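K.L.:
Below: one structure in C-alpha cells.
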Amino acid sequence: MSTTALGRAAASGKLTAVVLFLPPALLLFTLFVILPVGEAAWYSGFNWNGFGRPTNWIGFTNYEYVFEARAFGLALRNNFLIIVISLGIQLPLALTLAILLAEKFRGAVALRMLFFLPYVLAEVATGLIFSFVYDGDYGLLAGVWRFFGAEPPHLLASTQTSMLAILIVVVWKYFGFHMMLFIAALQGQDQHLVEAARIDGASRWQVLRHITIPLLYPTIRLSVFFAVVGSLQLFDLVMPLTRGGPADSSQTMVSFLYSHGVTRMRIGYGSAIGVILFVICVTFAVTYKRWFMRDD
Amino acid sequence: MTDMAASRPPFDRAALYRWLFLLLVAGFVAVPLIATLLGGFKSLGDLRTNPFGLPREWEWSNYGDILLSKRYWQMLWNSFVISSLTTIITLIVAAMAAFVFAHLRFFGSRMLLNYFTMGLLFPAATAILPLFIKVRDLGLLDTYFGVVLPQVAFALAMSILLFRRFFRDLPHELLEAALVDGCSYPRFFRFVTLPLSTPILATVGTITFVHSWNSYLLPLVMLNSDAMYPWPLGIMVYQGEFTADWHLILAFITLTILPTFLLFVLAQKHIVAGLTVGAVKG
C-alpha cells in the first residue's frame, strides 16, 4: 500500500474500524469457543481431576473407557432414537399442520401461536411440567388410568418406558418450531403456479404433491438439519424428567457427559466425551451441507 | 368455527376431519399447560383426585406465598441481569464485527469470517469442561460474567452472519456519499448504520435474550451458590425441596414461565420472526 493510500485509509478510519471493531469479537470467540475445543482434545489425553496442571498422560485410554461404557452406548442409541422420532414423526406432523394453517381462516393464527408456544418455553420448565403429567400418583396420565380403573404406570421410573416418555416431550416441544419454518416458506411461495394448476384441473392433492411440497424442499432440508443438530445436543429436557435414569436408560450424549464427566470432575474423561460429540456434530454438519444444501 | 361450517356445504367431511385433527393437536399442546396453571390453585388432595378439572377450592395462597418470597424475585432478577448483559454485549460486539465484514476488504477478512462461522457447527456442551477450567482460572466462577461471556461467545457466530447480511443490503450509496463528505467508518457505523438497523437489532436481540433466559447447562456448571441462580436452576432446586408437593411446584412453574408467556403474547411477531429467521440462514 502506498503512503497516500495508507493516508486515505487512515483518514476515512478504515484502519481504525478494523483495529477497533474486530478484536472484541475475535477475543471472546477465540477464548470461549475455539480454545476450549482445542483444550478438550488436549485434556482428553490425561487422567485429571482439574486441580493443578494435567500431568498424568494416558493417551487414548479415556476414549477406550468411553466406548466401553454401557451408558455411552445407551446414550448413542437414545440420540439416534431422538433423531428418528424428530424426522419420522415430528417433521411430518409439522408439515401437515403448516399446510393446514397456512391458509387464512378464523382461528388459524391463534392455533399457530399455540403450537409455537412450547418452543418458547424453557426446556427445564417443559421437563418439569411433563414430570407432573407422567407422575404416577398425582399426574394427568395417572388420572386417565385411574378413570379406567387401572393401576397408573410410572413411565419415568421404568427402564422400558423412560425414553418413550422423553420422546413424546421432544415432539411436544419442537414441532411448532418446524411448523413455523414451513409456514414462513409457504407464505413466501408464488401462488400463480398453484392457481394455474388448479385451472388446468389438478386436484388439491395433486397440487400439494407436485407443486407445494417440491417447492418446500429447501425448507425441509433445513428443517432436517436443525432437527438432527438439536437432537444431538438434547440435555436440558432430560434433566428434570429423568436425569438420564433409571439405570442410564434415558441418557443422551450430553447428559452422559454431565453426569459422568462434570459432576465427578473427571476432566479428561469428560473432555473425551466432548470431543466425540464435537466430531459427530462437525462431521454431520459438514457432510450434510456439502451433500444436501449445496444450492441453498 | 361454527359460521365457517355454515358457509360450507353441510357435509364437508374434509373440513370436519381437519378441525378434529387441529383440535386434537391443540389439546395435546394445551392440556398440560392448563393443568399446570390450574394445579397451582389446588390442594394436594384435590390434585390427586381431580387432576384435570377446576379446583374445588381456589388456593390463592399457593401463588401468593411464592410471589411474596424473596427467592422468586431473586432468581428472576439473576436471569434478567444475565440475559440483559448477554444481549447488550452480543449486540455491540457482533454488530461491530459484522460491520467490518460487510464493508471492509482486507487481507484475511474472508478467512476471519469463516473462522467465526465455525461456531455454528457445534454446541457449547462439547467444550463445557475446558470452559469451566477457563472461567475458573479467570476467577469468574459464581459471577454473572462467568455465564455471560461464554454465552456471548457462542451467540457471536449466528449474530455476526445475520448482521452482516443486513448491513450489506443497506443502500451502498449512503456509505460512498458519507465517505466523500469525510465521514469516517466508525462515525458512519454509529450514526448511519445503527439507526437504520433497528429491525435486525430487535431480531438478534430477541434470539439472544430468549436463549439466555432459558439456558440451563452453562449456569449449572459456572454458578454454585443459590443466590446467583437464574430461574431454570432455581426451579430445579425448588422442585428438589418440595418433591411431592406438586401443587406448590406447579404454582412455581406457572409463575416462572409467566414472564416468557407475557413477553411472547406482547411481542409474538418479533419472537417468531427472531427465532425462525435465525434458522433460515444456517
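K.L.:
Given the options B:Ala97, B:Ala102, name the one that is over 25 Å from the mean Cα position of the chain (by Cα), closer than 22 Å to A:Ala17 by Cα and at pLDDT 90 or above. Before you say what the answer is, go through the steps one by one.
P.N.:
Values: B:Ala97 fails: over 25 Å from the mean Cα position of the chain (by Cα).
Selected residue: B:Ala102, the only one of B:Ala97, B:Ala102 that is over 25 Å from the mean Cα position of the chain (by Cα), closer than 22 Å to A:Ala17 by Cα and at pLDDT 90 or above.
K.L.:
Condition check: over 30 Å from B:Gln74 (Cα atoms) and of a type outside the set (Lys, Arg). Does B:Ala95 satisfy that?
P.N.:
Values: over 30 Å from B:Gln74 (Cα atoms): yes; of a type outside the set (Lys, Arg): yes.
Judged against the criteria, B:Ala95 is a match.
K.L.:
Which residues, taken from region A:259-296, are surrounded by fewer than 16 Cβ atoms within 10 Å (Cβ to Cβ) and either small (Gly, Ala, Ser) or under 24 Å from B:Met222 (Cβ atoms) (or both)?
P.N.:
Passing the criteria: A:Thr263, A:Arg264, A:Met265.
K.L.:
List the helices (runs of 4 or more DSSP H) that sit entirely inside region B:167-238 and contain at least 2 residues that are more than 21 Å from the chain's Cα centre (by Cα), surrounded by fewer than 21 Cβ atoms within 10 Å (Cβ to Cβ) and of a type in the set (Val, Ile, Thr).
P.N.:
The helices (runs of 4 or more DSSP H) meeting that bar number zero.
K.L.:
Any idea how many residues of region A:102-118 are surrounded by 22 or more Cβ atoms within 10 Å (Cβ to Cβ) and more than 7 Å from every other protein chain (Cβ to nearest Cβ)?
P.N.:
0
K.L.:
Can you go through B:Gly108, B:Gly39, B:Gly45, B:Gly53 and tell me which one is at pLDDT below 90, closer than 15 Å to B:Trp246 by Cα and of a type outside the set (S, T, N, Q)?
P.N.:
Every option except B:Gly45 fails the conditions.
K.L.:
Quick one: which of A:Thr96, A:Thr126 is in contact with a Lys or Arg (Cβ under 8 Å, 6 or more places away or on another chain), assigned to a helix (DSSP H, G or I) and more than 7 Å from chain B (Cβ to nearest Cβ)?
P.N.:
Result: A:Thr126 is the single residue among A:Thr96, A:Thr126 that is in contact with a Lys or Arg (Cβ under 8 Å, 6 or more places away or on another chain), assigned to a helix (DSSP H, G or I) and more than 7 Å from chain B (Cβ to nearest Cβ).
K.L.:
Just for region B:41-64: of the residues that are in contact with a helix residue (DSSP H, G or I) (Cβ under 8 Å, 6 or more places away or on another chain) and farther than 19 Å from A:Ile129 by Cα, which one is farthest from the other protein chains (Cβ to nearest Cβ)?
P.N.:
Among those that are in contact with a helix residue (DSSP H, G or I) (Cβ under 8 Å, 6 or more places away or on another chain) and farther than 19 Å from A:Ile129 by Cα, it is B:Glu57.
K.L.:
Return yes or no: is B:Arg164 part of a loop (DSSP other than H, G, I, E, B), out of contact with any strand residue (DSSP E or B) (no Cβ under 9 Å at 6 or more places or on another chain) and either among the charged types (D, E, K, R) or surrounded by 20 or more Cβ atoms within 10 Å (Cβ to Cβ) (or both)?
P.N.:
Taking the combined requirement at face value, the residue does not satisfy it.
K.L.:
Out of all the residues in region A:174-195, which are more than 10 Å from chain B (Cβ to nearest Cβ) and touching a Pro at 6+ places or on another chain (Cβ under 9 Å)?
P.N.:
Selection gives A:Tyr174 alone.
K.L.:
Shifting gears a bit: With A:Ile83, A:Ile99, A:Ile129 as the choices, which residue is over 23 Å from B:Gly274 (Cβ atoms) and crowded, with 23+ Cβ neighbours inside 10 Å?
P.N.:
A:Ile129
K.L.:
Follow-up question, since we're still on this one. Among the residues in region B:22-40, are any within 14 Å of chain A (Cβ to nearest Cβ), under 32 Å from the mean Cα position of the chain (by Cα), under 30 Å from B:Leu174 (Cβ atoms) and surrounded by 15 or more Cβ atoms within 10 Å (Cβ to Cβ)?
P.N.:
Within region B:22-40, the first condition is being within 14 Å of chain A (Cβ to nearest Cβ), and the residues that meet it are B:22-40.
Subsequent filtering for residues that are under 32 Å from the mean Cα position of the chain (by Cα) retains B:22-40.
When the remaining residues are screened for being under 30 Å from B:Leu174 (Cβ atoms), the result is none.
No, region B:22-40 has no match at all.
K.L.:
From the list A:Val228, A:Val238, which residue is within 15 Å of the chain's Cα centre (by Cα), surrounded by fewer than 24 Cβ atoms within 10 Å (Cβ to Cβ) and more than 8 Å from every other protein chain (Cβ to nearest Cβ)?
P.N.:
Going through A:Val228, A:Val238 in turn, just one is within 15 Å of the chain's Cα centre (by Cα), surrounded by fewer than 24 Cβ atoms within 10 Å (Cβ to Cβ) and more than 8 Å from every other protein chain (Cβ to nearest Cβ): A:Val228.
K.L.:
Can you pull out the residues in region B:239-255 that are closer than 23 Å to B:Ser79 by Cβ, assigned to a helix (DSSP H, G or I) and not aliphatic (A, V, I, L, M)?
P.N.:
The answer is B:Gln239, B:Gly240, B:Glu241, B:Phe252, B:Thr254.
K.L.:
Scan region B:159-176 residue by residue and report those that are over 12 Å from B:Ile200 (Cα atoms) and touching a residue at least 40 places away in the same chain (Cβ under 8 Å).
P.N.:
Those that are over 12 Å from B:Ile200 (Cα atoms) and touching a residue at least 40 places away in the same chain (Cβ under 8 Å): B:Arg168, B:Leu175.
K.L.:
For region B:41-62, name all the residues that are among the aliphatic types (A, V, I, L, M) and either touching a Gly at 6+ places or on another chain (Cβ under 6 Å) or surrounded by 20 or more Cβ atoms within 10 Å (Cβ to Cβ) (or both).
P.N.:
Passing the criteria: only B:Leu47.
This table checks each residue for (1) β-branched (Val, Ile, Thr); (2) within 12 Å of chain A (Cβ to nearest Cβ); (3) under 30 Å from A:Thr252 (Cβ atoms); (4) in contact with a Ser or Thr (Cβ under 7 Å, 6 or more places away or on another chain).
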{"residue": "B:Ile92", "(1), (2), (3), (4)": "yes, yes, no, no"}
{"residue": "B:Ala97", "(1), (2), (3), (4)": "no, yes, no, no"}
{"residue": "B:Thr117", "(1), (2), (3), (4)": "yes, yes, yes, no"}
{"residue": "B:Phe163", "(1), (2), (3), (4)": "no, yes, no, no"}
{"residue": "B:Asp169", "(1), (2), (3), (4)": "no, no, no, no"}
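K.L.:
So which residues in region B:127-146 are small (Gly, Ala, Ser) and assigned to a loop (DSSP other than H, G, I, E, B)?
P.N.:
Here is the first cut: in region B:127-146, the residues small (Gly, Ala, Ser) are B:127, B:139, B:146.
Correct list: B:Gly139 only.
K.L.:
Can I ask one more? Return the only residue of A:Arg204, A:Arg198, A:Arg209, A:Arg290 being within 11 Å of chain B (Cβ to nearest Cβ) and among the charged types (D, E, K, R).
P.N.:
That would be A:Arg204, the only listed residue that is within 11 Å of chain B (Cβ to nearest Cβ) and among the charged types (D, E, K, R).
K.L.:
Of all residues in region A:150-166, how many are surrounded by fewer than 19 Cβ atoms within 10 Å (Cβ to Cβ) and within 14 Å of chain B (Cβ to nearest Cβ)?
P.N.:
Step one: filter region A:150-166 for residues surrounded by fewer than 19 Cβ atoms within 10 Å (Cβ to Cβ), giving A:150-154, A:157-161, A:164.
Retained after the next criterion (residues that are within 14 Å of chain B (Cβ to nearest Cβ)): A:152, A:154, A:157.
Count: 3.
The values are calculated or read from the model by the stated rules, or taken from the named source; none is laboratory data. Just so you know, these numbers come straight off a predicted model, no measurement behind them. Neighbour counts run over all protein chains shown; Cβ positions are idealised from the backbone, glycine included.
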